[in-house]
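The values are calculated or read from the model by the stated rules, or taken from the named source; none is laboratory data. Everything numeric here is computed off the predicted structure, so don't read it as measured data. Reconstructed Cβ throughout: ideal geometry from the backbone, glycine too, with neighbour counts over all protein chains shown.
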Amino acid sequence: MKELLLKKRILISFCYLLLFIGSDQWTKIWASETLKGHHPQSYFGGLLKLLYAENTGAWGNLGSNWPPFFRDFFLLYLPLALMIGLFLFSFFRKNISSYDFHAYSLILAGGIGNLIDRFSNGYVVDFLWVGIESVIGTNIFNIADMVIMAGFIMLLLEGLKEWYEKRGEAKASPEK
């Protein structure tokens, strides 16, 4: 049973890695070849923009001006260690739910997609922006960022569900 579960997790994770890292890397190559050096392209009345950016920092270019040692530590080596830890945790923890495993696999796929860029280029290619012009919008992001956020949102929703269930059980049980 344990061996079957591990094989199932490996297959699921491999499919996620192949699908999401592949699409992330392909779209980054496309953005580099199509958008780099060109004006942003707007769609849906400006709600979606395609524009090329080389992000040497983290979210919103955070850390791009840090000294190289700190930038490398916090944007390369620490995330690499976290990805290895998350991989080991999600593969070898016996009582992890299938739902949580899928969420962790998404985070791993997105994290690895961005780490590939950081190790090979020294920056992450970003090319998507969503918002209402001059009112509100996202930072420029990529497919890997969307996959990471999907995994975190899944974990957040699962945590909220568990919290509400425990809260409901506490209210239903008689006080002593």
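When you scan region 86-99, do you find a residue that is closer than 19 Å to Trp59 by Cβ and either surrounded by fewer than 16 Cβ atoms within 10 Å (Cβ to Cβ) or out of contact with any Gly (no Cβ under 7 Å at 6 or more places or on another chain) (or both), even just one?
In the first step, residues of region 86-99 are kept if they are closer than 19 Å to Trp59 by Cβ; the result is 86.
Right, trim to either surrounded by fewer than 16 Cβ atoms within 10 Å (Cβ to Cβ) or out of contact with any Gly (no Cβ under 7 Å at 6 or more places or on another chain) (or both) and you get 86.
There is at least one residue in region 86-99 that is closer than 19 Å to Trp59 by Cβ and either surrounded by fewer than 16 Cβ atoms within 10 Å (Cβ to Cβ) or out of contact with any Gly (no Cβ under 7 Å at 6 or more places or on another chain) (or both).
Within region 25-54, the set of residues being assigned to a helix (DSSP H, G or I) and touching a residue at least 40 places away in the same chain (Cβ under 8 Å) comprises Gln25, Thr27, Lys28, Ala31, Ser32.
Taking residues in region 1-14 that are under 17 Å from Ile112 (Cα atoms), and partners anywhere that are of a type in the set (A, V, I, L, M, F, W, C) and at pLDDT 85 or above, the pairs with Cβ atoms closer than 9 Å and at least 6 places apart or on different chains are Ile12/Phe101; Ser13/Phe87; Ser13/Phe101; Ser13/Leu108; Ser13/Ala109.
On the basis of being within 14 Å of Gly151 (Cβ to Cβ), surrounded by 15 or more Cβ atoms within 10 Å (Cβ to Cβ) and not polar (S, T, N, Q), does Phe74 make the cut? Can you show your working first?
Details: within 14 Å of Gly151 (Cβ to Cβ): no; surrounded by 15 or more Cβ atoms within 10 Å (Cβ to Cβ): yes; not polar (S, T, N, Q): yes.
No.
Residues in region 97-115 that are of a type in the set (Phe, Trp, Tyr) and out of contact with any Phe, Trp or Tyr (no Cβ under 8 Å at 6 or more places or on another chain): Tyr99, Phe101.
Scoring Thr56 on the criteria (1) surrounded by 13 or more Cβ atoms within 10 Å (Cβ to Cβ); (2) at pLDDT 85 or above leaves a single failure, condition (2). The criterion of being of a type in the set (A, V, I, L, M, F, W, C) and within 19 Å of the chain's Cα centre (by Cα) does not hold for Leu5.
Being at pLDDT below 90 and among the hydroxyl-bearing types (Ser, Thr, Tyr): is that true of Ser32 here?
Values: at pLDDT below 90: no; among the hydroxyl-bearing types (Ser, Thr, Tyr): yes.
Criteria not met by Ser32.
Condition test on Leu82, is it closer than 30 Å to Gly137 by Cα, in contact (Cβ under 8 Å) with a residue 12 or more places away in the chain, surrounded by 11 or more Cβ atoms within 10 Å (Cβ to Cβ) and in contact with a Leu (Cβ under 9 Å, 6 or more places away or on another chain)? So Leu82 fails the test.
Conditions (1) of a type in the set (A, V, I, L, M, F, W, C); (2) closer than 30 Å to Lys161 by Cα; (3) in contact with a strand residue (DSSP E or B) (Cβ under 7 Å, 6 or more places away or on another chain), marked per residue:
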residue: Tyr43; (1), (2), (3): no, no, no
residue: Leu50; (1), (2), (3): yes, no, yes
residue: Ala53; (1), (2), (3): yes, no, yes
residue: Asn61; (1), (2), (3): no, no, yes
residue: Phe91; (1), (2), (3): yes, yes, no
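Residues that are touching a helix residue (DSSP H, G or I) at 6+ places or on another chain (Cβ under 7 Å) and within 30 Å of His39 (Cβ to Cβ), at least 3 per element: which helices (runs of 4 or more DSSP H) completely within region 57-176 meet that? Because the criterion is at least 3 residues that are touching a helix residue (DSSP H, G or I) at 6+ places or on another chain (Cβ under 7 Å) and within 30 Å of His39 (Cβ to Cβ), the helices (runs of 4 or more DSSP H) in region 57-176 that meet it are 98-121, 143-172.
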